[in-house]
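The values are calculated or read from the model by the stated rules, or taken from the named source; none is laboratory data. The structure presented is a predicted model; accordingly, all values stated were derived computationally and were not measured. Cβ coordinates were reconstructed from backbone atoms using ideal geometry, including for glycine residues, and neighbour counts include every protein chain displayed. Ligands, DNA and RNA are excluded from the accessible area calculation, which covers all protein heavy atoms including side chains. Shrake-Rupley method; radii C 1.70, N 1.55, O 1.52, S 1.80 Å.
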Amino acid sequence: MTHDHHHEIPRYTPEQTELALNPPAGRNGGDLVVETLHGLGATTVFGLPGQHALGMFDALRRSDLDYVGLRVENNAGFAADAYGRVTGEVAPLLLSTGPGALTSLAALQEAAAASSPVLAISSQIPSAGLGGGRHGYLHELRDQQASFRDIVKSVHLVRTASQIPSAIAAAWESALTAPHGPVWVEIPQDILLKETTLPLVTAVDATPRELLPRPELIAVAAHALSHARRPVIIAGGGVVRADAAGKLRALAEKLNAPVVTTFGGKGAFPWEHPLSLQSWLEDRHTTDFLEDADVVLVVGSGLGELSSNYYTFRPRGRVVQIEADLGKLESNLPALGIHADAREALSALLESVTGREGAEAARDAVRTVLEKVRARLDAQDLALERRVLASVREALPATAPSFWDMTILAYWAWSAWPGPMHSGQGAGGLGYGFPAAIGAAAADATKPVLAVSGDGGAMYSIAELATARQYDLPVTWLIVDDGGYGILREYMTDAFGETTGTELARPDFVALAESFGVPAVRTSPETLREDLSKALAAPGPSVVVLPALLKLFAPTHLT
């Protein structure tokens, strides 16, 4: 058996050997953790200390890793998720045992749904208590990893100090192998605290495996696309994560194929391109147009609930689906399923397809669909909502990232926001926006970051105002205050004629923010653009509160 690439093991110099034989004193298992992370290329870690994890946190003091500590583990998970999304790099998340670990579960579910490479490293009760024996240790769970197995990509258990570097490297590789995702490493308290004489961890190799398409499938897909009369492309988050937007654009232009991006795939295709159907997936005109295509190329999407207009999308043409997540291949529609990284598959298609005529017809068709979408919105009383979203867009600098909670304005943005955006729509839990913005600011503090929440979602992460202030991060938080869970209020009113549990008492957000030392302003739809621009331009964290009752555009999947 031959290997294409043989890595030479670097030969140690006498000086290096001397250092390996005489490592610095006072190191413990926690040092092996942070040395391994450093050797893998990590620069920033997120987390929250806890009694069993103190060995790791003490070791941070001896390392040059930047630590960003949040106030709730779930929020630390959201911050790590956002760091992974904006950098494409692994985001380490340090957690304690039991309650600390379990509090991160909802954030890890979002990371799994959104394919974010989060490396969660949790402590565990002392080795003597492992095995489910019910010894009554603080934080004890009978089987801690069982709570995470259903959510993360892979679980890596450590039971001795010498296992630490390899377990973390394997987890790192798993997190970065397409599709990206969260992974779990678990290390008992005594292993983290025990002094070690193992040498310093230096370079660690954890190169992710490439996920290449099978050539016979590319040949069939290229033939179908080259001979299509009305091809269309649905571009999902896999295109963004694979950094394949350039390849997608080249393919679309070669085929003269209109492109619609999913809500998770925003930024995969230029919004104003003449072939861009934009992101109006929750619109029957778009759905009808996609159904009429004779070949539908789906790249990096599982065509889930939102991407399929609530499973009403029934294509009449042939579907070709490129997807890195094997479980999503043909999970919703029969297709020619190609299990591959989006970038690799698009590259192969680009070389194999022959160009198509019909540029003018494709552009006219796109224009017609977008005009129908606009006319449908114009027929509804939505001037306030469109104005608010436009004000946010105008206030935000072009290169500044934005992070959106599950709130009515975000549901608008999924369809109407013109460029890349990040939201908690993978798992759909509340509280994502603000801690995620903190994670993005930790990755790059040179430009402002916008977070958008409703008042309900804001209360999930209000404690992180202290974090934003402590690290002086350039995060501006827009809180749309409508006095409750606005979207649930709308759903319940439509379904039952009245609401239960949706109305909320809440703080004076301006006064509350100021009590954290964070400047805040109460705005109005008329002054939003100006107030938000000012807040984003000022250094450090800020809060802008918009009291407003926003409506969602009428759904089209029910008729």
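Screening the candidates Leu93, Leu105 for the property of being buried (at least 24 other Cβ atoms within 10 Å of the Cβ) and within 21 Å of the chain's Cα centre (by Cα) yields one hit, Leu93.
Within the stretch 386-393, the presence of a residue that is within 30 Å of Arg229 (Cβ to Cβ) and at pLDDT 95 or above is excluded. Residues of the stretch 370-399 that are open to solvent by 10 Å² or more (accessible area, probe 1.4 Å) and either in contact with a strand residue (DSSP E or B) (Cβ under 6 Å, 6 or more places away or on another chain) or of a type in the set (Val, Ile, Thr) (or both): Leu396, Thr399. Could you grab the pairs with beta carbons closer than 6 Å, sequence gap of 6+ or different chains, first residue in the stretch 394-414 and closer than 16 Å to Thr262 by Cα, second one polar (S, T, N, Q) and buried (at least 24 other Cβ atoms within 10 Å of the Cβ)? Pairs found: Trp404/Ser423; Ala410/Ser423. Looking only at residues of the stretch 497-532 that are surrounded by 13 or more Cβ atoms within 10 Å (Cβ to Cβ), hydrophobic (A, V, I, L, M, F, W, C) and part of a loop (DSSP other than H, G, I, E, B), we find that the one that is modelled with the lowest pLDDT is Leu504. Report yes if some residue within the stretch 151-163 is in a loop (DSSP other than H, G, I, E, B), over 27 Å from Leu211 (Cβ atoms) and open to solvent by 40 Å² or more (accessible area, probe 1.4 Å); otherwise report no. The answer is yes, given that some residue of the stretch 151-163 is in a loop (DSSP other than H, G, I, E, B), over 27 Å from Leu211 (Cβ atoms) and open to solvent by 40 Å² or more (accessible area, probe 1.4 Å).
Just wondering, is there one or more residues in the stretch 281-292 that are in contact (Cβ under 8 Å) with a residue 12 or more places away in the chain and under 26 Å from Ala82 (Cα atoms)? Scanning the stretch 281-292 turns up at least one residue that is in contact (Cβ under 8 Å) with a residue 12 or more places away in the chain and under 26 Å from Ala82 (Cα atoms).
If you go through the stretch 436-487 and pick out every residue that is part of a strand (DSSP E or B) and of a type in the set (A, V, I, L, M), you end up with 8. Candidates Asp481, Asp494: the one that is open to solvent by less than 40 Å² (accessible area, probe 1.4 Å) and of a type in the set (Asp, Glu) is Asp481.
The rows are residues; the columns are (1) open to solvent by less than 50 Å² (accessible area, probe 1.4 Å); (2) of a type in the set (D, E, K, R); (3) over 26 Å from Ala25 (Cα atoms).
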position	(1), (2), (3)
Gly50	yes, no, no
Tyr67	no, no, no
Leu70	yes, no, yes
Asn75	yes, no, yes
Gly88	yes, no, yes
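Within the stretch 368-389, the set of residues being without any contact (Cβ under 8 Å) to a residue 60 or more places away in the chain and in a helix (DSSP H, G or I) comprises Thr368, Glu371, Arg374, Ala375, Asp378, Ala383, Arg386, Leu389. Residues that are surrounded by 24 or more Cβ atoms within 10 Å (Cβ to Cβ), in a helix (DSSP H, G or I) and of a type outside the set (Lys, Arg) within the stretch 231-250 comprise Gly237, Gly238, Val239, Val240, Leu248, listed in sequence order. Filtering the stretch 174-198 to residues that are part of a loop (DSSP other than H, G, I, E, B) and surrounded by fewer than 16 Cβ atoms within 10 Å (Cβ to Cβ) leaves Lys194, Thr197.
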